[in-house]
Amino acid sequence: MSEAMWGGRFSKTTDERINEFQASIAFDRRMYQEDIAGSIAHAKMLAKCGILSEKDRDAIVHGLQDIRAKIEAGDFDFSVALEDIHMNIEKRLTDAIGEAGGRLHTARSRNDQVALDTHLYVRREVLAVQKEIVNLQQALVLAAEQYKDVIMPGYTHLQRAQPILFSHHLLAYYGMLARDFARFTGVYERADIMPLGAGALAGTTFPIDRAFVQKELGFEAIYTNSIDAVSDRDYIMEFLSAASILMVHLSRLSEETILWCSREFSFIELDDAHCTGSSMMPQKKNPDVSELVRGKTGRVVGHLMAMLTTVKGLPLAYNKDLQEDKEGIFDAIDTVKFSLSVYARIVRGMKVRADVMKKAVTEDFSNATDLADYLVKKGMPFRKAHAVAGQAVHDCIARGIYLEDMRIEEFQKLSPLFDADIKEAIRPETCVRNRNSLGGTSYDQVACQLGLAKKQIEAEHERISLALRKQAV
């Protein structure tokens, strides 16, 4: 007979290579807190329902607490032969307290046990990711305030388009992160459903109290269909989807950071502590961290694709394929938290070269739209004003000058509507100040955006705190 904890029906022990292939203990051991918390709640419930004696309950609870302490002290030998974190803990418990440990698994299966652990783990890590999101948002807000009057070229097609405030550009990333935070809140809600009590797939014959376990573990809801409970991995796919979108946002920020600190742009300088050099070229200061974040985006997106592909053809209910949900989400969690953390440091440490940015918007034609708008405000139809402004740009390019270099007489040759105030109208500061529509780049609008951002960060902190107080793990 096999010595495995499920081996009663088998006449041979499992091939060692098969053990290694199917074992998940190398990566699912990180869920030990969740597994122990779930087992303690389950033991308490069994005793409450008269399925387990109070004596056995106490032995199980104390035994599990002792195991947790040993794991955290590094005094626990994990066994590949025991496959996963669930069996490793249960075997150690049974060895320590005897038959009482063998009663713990009454009215549950590894199918609903692993589902519970993963729900608890994802729920906890969502809050950890959201904390890092808020940390980066705060860094962006601080930088936006520090450089609130700095003007830079805004781009479309990577061509200079219109003058904008650098703070306005940073707050665009703040807005992306705010949506990321909201997406992860949705992930939390889908992870905040308790599957324990579903058994292998059809429930159990024992008179259990699932609501008791729900309350013990701080879940908002309970799965009402046992098949769905053990086979649902939507919350993992949603996490990976939210993580992928977040990494895409960080990748876009990385691309701009890399461009901005290049010699060709020289808009910012990164702190020496956040860059690396070259083993051959002494002058190099490379934005390796930004490049790595940009590269790791593909890694997280890959985990999403792998999970979608794994689940797409699975019949109900549990299949061993679902073990593939762990490594991808564990790696995605680590990657996302690290990327957010290092980017907050990069933003806090960067220096902005306001003079270079200002020079860029005075030696280009990003004020051409304002030239056209000036004429429209004087009564000219926009399409005609667009053509006049385009002609002015054409003439300046031919002469090697910029719009601000033109004399009032030259403007009036293009249209008699031009007056002496045209020079003031196309100054970069005026171009920015006049874009005062809601959400625009004007000084007043950016100040408003900063105020709203600070209030939103306070609300996000409160949401995280409330969720943490509710959690039992």
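A few remarks follow.
- Computed helical MRE - 222 nm, the chain, DSSP H runs ≥ 4 contributing -39500 (n - 2.57), nearest 500: -21000 deg cm²/dmol
- Mean separation of Cα contacts under 8 Å (6+ apart) over length of the range 368-426, as relative contact order %: 38 percent
- By the count of neighbouring beta-carbon atoms within 10 Å, fewest first, Leu438, Leu171, Leu52, Leu292 end up ordered Leu438, Leu292, Leu52, Leu171.
- Look at Ile401, Ile85 and count the other Cβ atoms within 10 Å of each Cβ; fewest to most, that gives Ile401, Ile85.
- Between helix 110-146 and the chain: long-axis angle, C-alpha atoms, 0 to 90°, nearest 10: 20 degrees
- Seen against the Cα atoms of the chain and their longest principal axis, helix 234-260 is set at about 30 degrees.
- Proxy reagent accessibility, fewest Cβ within 10 Å first, across Met280, Met87, Met357: Met280, Met87, Met357
- Angle between the chain longest axis and helix 443-470 axis [Cα atoms, degrees, rounded to 10]: 0 degrees
- Rg/Rh, computed from the Cα trace of the range 175-327 with Rh as the Kirkwood radius, has the value 1.17.
- What you get for the chain, charging only the Cβ of Lys and Arg (+1) and of Asp and Glu (-1), is a dipole of about 820 debye around the Cα centre.
- Furthest towards positive pole of dipole, Ile227, Val347, Met307, structure part the chain, Cβ charges: Val347
- When the convex hull of its Cα atoms is viewed from all sides, the range 329-372 shows a mean projected area of 5.5 nm².
- Here the spin labels are modelled as points 7 Å beyond Cα on the Cα-Cβ line, and at Ala354 and Gln391 they lie 3.9 nm apart.
- Within straight-line reach of Lys337, meaning a Cα separation under 18 Å, sit the following aspartates and glutamates at least 8 residues removed in sequence or on another chain: Glu125, Glu132, Asp180, Glu238, Asp288, Glu291, Glu327, Glu460.
- The range 368-426 - Debye-derived log10 I(q)/I(0), Cα point model, q = 0.12 Å⁻¹: -0.22
- Shown here: Cα extents along the principal axes in Å, derived from the displayed model; of the candidates (i) 66, 50, 42; (ii) 100, 52, 39; (iii) 71, 63, 45, it corresponds to (ii).
- Rounded FRET efficiency, nearest 0.05, which uses the C-beta distance separating Asp271 from Ala459 and R0 of 35 Å: 0.70
- Stokes-Einstein D (µm²/s) once Rh is taken as the Kirkwood radius of the range 29-140 over alpha-carbon pairs, at 25 °C in 0.890 mPa s: 162 µm²/s
- By average C-beta atoms within 10 angstrom, highest first, the peptides 131-139, 207-215, 321-329: 131-139, 321-329, 207-215
- Quick note on the range 124-181: its Rg to Rh ratio, both from C-alpha atoms and Rh being the Kirkwood radius, is 1.10.
- Dipole magnitude of the range 339-473, debye to nearest 20 (Cβ charges: Lys/Arg +1, Asp/Glu -1, about Cα centre): 740 debye
Any read-out appearing in this document is the output of simple, stated calculations on the displayed coordinates, not a laboratory observation. Model, not experiment: these values are computed from the prediction. Every residue, glycine among them, receives a Cβ derived from its backbone with ideal geometry; neighbour counts consider all protein chains shown.
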